[in-house]
1. Which of 52, 203, 5 comes first, and how do the rest follow, when ranked by fewest Cβ neighbours within 10 Å?
2. Counting other beta carbons within 10 Å of each Cβ, put 39, 76 in order, fewest first.
3. Taking 30 Å as R0, compute the FRET efficiency from the Cβ-Cβ separation of residue 104 and residue 38 and round it to 0.05.
4. Output ³J(HN,Hα) for the range 226-234: one whole-Hz value per residue in order, computed from phi by the Karplus curve 6.51 cos²θ - 1.76 cosθ + 1.60 with θ = phi - 60°, and x for Gly and Pro.
5. Could you work out how far apart the two model spin labels at residue 303 and residue 5 are, taking each label as a point 7 Å from the Cα in the direction of the beta carbon, and quote it in nm?
6. Going by how many other beta carbons lie within 10 Å of each one, how would you line up 69, 286, fewest first?
7. Just to check I understand the Karplus step: with θ = phi - 60° and J = 6.51 cos²θ - 1.76 cosθ + 1.60, what whole-Hz values come out for the range 84-92, glycine and proline as x?
8. Specify the inter-centroid distance of the range 231-303 and the range 80-113, based on alpha-carbon positions, in whole Å.
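What follows is calculated from the coordinates using simple rules that are stated; it is not laboratory data. All of these numbers come straight from a predicted model, not from anything done at the bench. Ideal geometry is used to build each Cβ from the backbone, glycine not excepted, and the neighbour counts take in all protein chains shown.
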Amino acid sequence: MDKARFMKQIVLIFSIVLLASSLMTAEKSEAFTNQVIQRGATGEDVVELQARLQYNGFYNGKIDGVYGWGTYWAVRNFQSQFGVKKVDGLVGEKTKSLLVQKTKYYKEFVQQQLQKGNQFTHYGGKPLDQQTKAPAQRNTQKKTAQGAKENQKSQSGGNSSSGKQSGNGQANQTPKQTAANMPGGFSSNDIQLLSQAVYSEARGEPYEGQVAIAAVILNRLNNPTFPNTIAGVIFEPLAFTAVADGQFYMAPNETAKKAVFDAINGWDPSESAVYYFNPDTATSPWIWGRPQIKRIGKHIFCE
């Protein structure tokens, strides 16, 4: 009897080892191949990369298997957040390992959605019907009565910088992971980027002017001539002076964050502008040719 019991225990232990081994193999089989993934790459590795980045809110573009600028900035943000020494957008062994540790990849679900032709964004962490909607699905930001906002106090904190055309730049900001209850379907990374943009571009402006800067960025999301993600709009080449000169990477204050929330909730002091510039510093004849809507503080807002 003792021998029989012993043999059963051996069989049980062996079965557990086999099961654990098979689970580890299954997980590994759904992880990346050995290639270094970089901008311009396409295929299954990029699909998995985009899906994993979406899982914790670093990427909210379309999962299409194409490593473009949106994916590039999402990778850099992820690398910065999790302490990768070289933040370069290259997905090598270290970054892959962190992605596998910090995210999940529901391969079957993702592949089913792609086969159906579905476009989707964040799918991790909570029920799918409560997930962040794609930028294209967001309601167009509408102007609201400004009277309710006129009692906002003006606050200043430094020199304002602006002057724009359009574009998609490069960065090394440190975002936070997606948090619950973000307004309007925006991730916490979106809120952080918007706050940095407002603070660096308009920290010396009246509060209304700070809200207007955030509104311009949101207006661009709904304009087909601009990228359809917050990161895409902000880092478009030559779009924002503060990105080009490095001021963008300063930590935003609470006033800038509040201005972002007011803009997301519908206040648009710019009156649907998609451009703005500082007439005292702007040198581009092109921006002077844009139809002007109004002036707030040092900035002129344009169509």
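1. With the fewest neighbours first, 52, 203, 5 line up as 5, 203, 52.
2. 39, 76
3. 0.80
4. 10, x, 9, 10, 4, 4, x, 5, 5
5. Reported label-point gap for residue 303 and residue 5 is 8.9 nm.
6. Ascending number of Cβ neighbours within 10 Å: 286, 69.
7. 3J(HN,Hα) across the range 84-92, in whole Hz: 5, 4, 10, 8, 9, x, 8, 9, x.
8. The range 231-303 and the range 80-113 have Cα centres separated by 32 Å.
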